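Note sheet for the following structure.
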Amino acid sequence: LDVRAGEPPPEPERAASPREQELAQSIDLVQRAQAGDEAALNRLFARYQERLHRIARIRMGVQLREVMESMDLVQQVNEVALRKLSTFERREHAGIVHWLAKILENQMMDARKGLRAQK
């Protein structure tokens, strides 16, 4: 133990919480996917797939559910996210989920517009 006179001992490093670890992993996956790592992209989409699927099932509504599957919407989100990934700027963990959920909302709005146009 090396304690210099007049200096407090350094703070012990605290272990990262599971949420902080998940955030760090997600950030790493986003950065690697933006650099062209297809495996990282697949892992990123897999990480958020169930969350997006739950959001889709909850938010779709009866009319949309009659003509499409919630998982089809999630796949559309992945396609859009893939095209827009280079422009994504992560500020916090919730930002990743929010970004994907916003794409999902836009896909549902487009699908609803398509339904109204068919009528």
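Quick notes on this structure:
- Packing-based order for 48-61, 75-88, using average beta carbon neighbours within 10 Å, highest first: 48-61, 75-88
- A straight chain from Arg112 to Glu89 at 0.36 nm per residue would run longer than the Cα-Cα distance by 5.4 nm.
- Remark: the Val67-Val80 segment gains 2.6 nm on full extension, using 0.36 nm per residue and subtracting the alpha carbon distance.
- Theoretical gain in end-to-end length, Glu50 to Ala16 [0.36 nm per residue, Cα-Cα removed]: 9.8 nm
- Taking a sphere under 13 Å around the Cβ of Val74 and counting the other residues whose Cβ falls inside, with K and R at +1 and D and E at -1, yields a net charge of 0.
Every read-out reported here was derived from the displayed coordinates using simple, explicitly stated rules and does not represent laboratory data. Just so you know, these numbers come straight off a predicted model, no measurement behind them. Heads up, the Cβs are rebuilt from the backbone with ideal geometry, glycines too, and the neighbour counts pull from every protein chain shown.
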